[in-house]
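As structure tokens, the structure follows; a few thoughts come after it.
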């Protein structure tokens, strides 16, 4: 009986789709290393290395590793590799919104509303507030949906801990967001619901769901012409932390105090490339102040920058006398022997 047949017989309790995944992985290993009774660590590492040379991603190699580890357990073989041999995963794509995209989404928030009349105007105000509100507070979509009207006390927003109803964290809202919030609350007074963000009208008004929030953002994103796969409300969370860190150099520890997550998670959210890091280093390090001044002088010498205008030199005393002319010529004359000026006596 082949190793594939033995493996299939031992997986009778697993789902058919799971069996297919493991059988496919084992079939590829058999094609690589040949038919054997028992396979060792060299067979697995050689197989993973070959797949890597074929251009497979690190995440795929990592999946192969775990598939083989489960297969070894099913077959009753001792796993020959240590955790250090496990291939690392590719860094997942983490979409985030930059400042220009946030501004474009705020402009598109009203245009994305198709409803007419009073309710349409209400939705325009609500959607515009949602974009600016989350761009500044970086709340999770679930936290947005759970907010009640009583959680807002200008200029603070009080966010309840879902695990402990008695615990709240607060966020400080900027003046423009507070003004927009006040306009929104005035418009939603006739909606009978304690929720801060609602959908539908009148007595049917209800708390907006996370699914509805995602649908709202998708429509706004399409209207703004922003193509960003997986760019949901969490992209505001990453973008807000990145924006604050890049503009002010705010530390991960300080950001974690505001957002309410660990420093390690903040580091994962902050999206910086090499260019961003170099610019932040140059702006923060004191040595670069002098270097920037020298660079400016070099650019000025090369004609890149306009040099500062040089003031006219202060005229020498003799030149000043000559400029005054008649006022001084009546009292002073130039001595032909010394070349200097001398006062004219009354007898001359």
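Where a number appears in this text, it was derived from the coordinates with a stated rule and is not lab data. Here the structure is a predicted model, which means the values were calculated and not measured. Neighbour counts run over all protein chains shown; Cβ positions are idealised from the backbone, glycine included.
Here are the numbers for the structure shown:
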{"read-out": "Potential extension, residue 98-residue 230 segment - 0.36 nm per residue separation minus Cα distance", "value": "46.0 nm"}
{"read-out": "Residues 149, 216 arranged by fewest to most Cβ contacts within 10 Å", "value": "149, 216"}
{"read-out": "Computed E for residue 32/residue 111 - FRET, C-beta separation, R0 56 angstrom, nearest 0.05", "value": "0.50"}
{"read-out": "Extension gain (nm, one decimal) between residue 212 and residue 89, 0.36 nm per residue minus Cα-Cα", "value": "41.0 nm"}
{"read-out": "Taking 26, 241 and counting other C-beta atoms within 10 Å, the order from fewest to most", "value": "26, 241"}
{"read-out": "Potential lengthening between residue 12 and residue 82 on full extension [0.36 nm per residue; Cα-Cα distance subtracted]", "value": "22.4 nm"}
{"read-out": "Gyration tensor verdict on the stretch 3-85 (Cα atoms; rounded if a/c is under 1.5, prolate if a/b is larger than b/c, oblate otherwise)", "value": "prolate"}
{"read-out": "Label-point separation in nm, residue 59 to residue 262, each point 7 Å along Cα→Cβ", "value": "2.2"}
{"read-out": "Inter-label distance, nm, simple model (7 Å from Cα along the C-beta direction), residue 169/residue 182", "value": "2.8"}
